[in-house]
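Below is one structure, written out as structure tokens; the observations come after it.
The values are calculated or read from the model by the stated rules, or taken from the named source; none is laboratory data. Please read these numbers as outputs of a predicted model, since none were measured by experiment. Positions of Cβ are backbone-derived with ideal geometry, glycine not excepted, and every protein chain shown enters the neighbour counts.
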């Protein structure tokens with residue numbers, strides 16, 4: 001089960017409310033083992049399951065996983081077809097367990113042009129779990145940060161053209177309200193596996209003040225201990241949000 005069972009020494013107050021993960025390295029994991037890339041993707045789904053369970057157990061409220069970017073369509077057709085099949089199998093095989101464990105599933109990304117059966121499965125996953133109150137699992141599928149921002153800007157431009165909005169009324173908050181993540185808090189922590197140190201068009205707007213942790217291990221090797229290591233690094237960060245740290249007050253001398 002994807003149940004919540006907080007470890008005794010967990011300090012929930014210091015946990016990031018929202019963790020986002022760029023799941024990178026499936027192909028390299030397979031290549032290092034002289035296996036086909038398909039096997040790396042299959043093992044990556046196993047890592048995804050472990051991560052969702054761990055995040056729920058630890059008490060994270062929101063978990064976003066970058067599963068398929070809008071640029072990934074340029075990969076070889078056979079690989080894309082296999083990835084689409086993996087998504088379908090994950091929804092069919094795991095949705096009941098996610099629902100039973102009170103996990104809410106959200107999908108962010110463009111839906112236009114998706115194959116009918118896949119699009120229906122994504123809608124079914126959201127509808128079935130909409131009332132759940134545990135971990136919110138956000139799957140970024142057919143997602144691109146630049147496209148998301150451009151779409152939000154276009155919606156605001158349409159409102160200006162229609163006369164329902166003045167240009168000077170446009171604020172960061174108003175634009176954020178047109179993003180896929182309108183009712184989801186910004187990520188506190190973004191993790192990327194595989195040793196690469198770039199954001200790859202992922203949550204560009206939302207990650208403005210996120211902490212980043214880049215891990216050398218490849219995604220199929222990601223597990224609870226890797227997640228906890230990233231959380232420990234997050235806990236040690238000094239998050240100032242553009243301000244300055246509060247000075248540590250001097251210790252008072254004691255007499256006697």
Among residues of the range 208-225 being in a helix (DSSP H, G or I) and in contact (Cβ under 8 Å) with a residue 24 or more places away in the chain, the residue farthest from residue 42 (Cα to Cα) is 224
Report, by residue number, each residue of the range 202-256 that is surrounded by 12 or more Cβ atoms within 10 Å (Cβ to Cβ) and at pLDDT below 85.
-> 239
Single unsatisfied condition, residue 175 versus (1) buried (at least 16 other Cβ atoms within 10 Å of the Cβ); (2) over 30 Å from residue 48 (Cα atoms); (3) in contact (Cβ under 8 Å) with a residue 24 or more places away in the chain = (1)
Scanning the range 95-109 for residues that are under 17 Å from residue 122 (Cα atoms) and in contact with a helix residue (DSSP H, G or I) (Cβ under 7 Å, 6 or more places away or on another chain) gives 95, 98, 99, 103, 104, 105, 106, 107
Which of the residues spanning the range 168-177 are within 32 Å of the chain's Cα centre (by Cα) and outside any loop (DSSP other than H, G, I, E, B)?
-> 169, 172, 173, 174, 175, 176
Residue check, residue 155 against (1) surrounded by 12 or more Cβ atoms within 10 Å (Cβ to Cβ); (2) more than 21 Å from the chain's Cα centre (by Cα); (3) modelled with pLDDT under 95, all met but one. Which one?
-> (3)
Can you tell me which residues in the range 178-194 are in a loop (DSSP other than H, G, I, E, B) and touching a residue at least 24 places away in the same chain (Cβ under 8 Å)?
-> 178, 179, 180, 181, 184, 185, 186, 187, 188, 193, 194
Residues located in the range 49-91, provided they are modelled with pLDDT of 95 or more, in a loop (DSSP other than H, G, I, E, B) and in contact with a helix residue (DSSP H, G or I) (Cβ under 7 Å, 6 or more places away or on another chain) | 59
Return only the number of the condition from (1) at pLDDT below 95; (2) surrounded by 13 or more Cβ atoms within 10 Å (Cβ to Cβ); (3) part of a loop (DSSP other than H, G, I, E, B) that residue 113 does not satisfy.
-> (2)
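Residues checked against (1) touching a strand residue (DSSP E or B) at 6+ places or on another chain (Cβ under 9 Å); (2) under 25 Å from residue 122 (Cβ atoms):
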site	(1), (2)
138	yes, yes
144	yes, yes
148	yes, yes
151	no, yes
157	no, no
160	no, no
167	no, no
173	no, no
176	no, yes
Could you tell me whether residue 200 is on the phi > 0 side of the Ramachandran plot and within 18 Å of the chain's Cα centre (by Cα)?
-> yes
Does residue 44 qualify as being touching a helix residue (DSSP H, G or I) at 6+ places or on another chain (Cβ under 6 Å) and either crowded, with 19+ Cβ neighbours inside 10 Å or not in a helix (DSSP H, G or I) (or both)?
-> yes
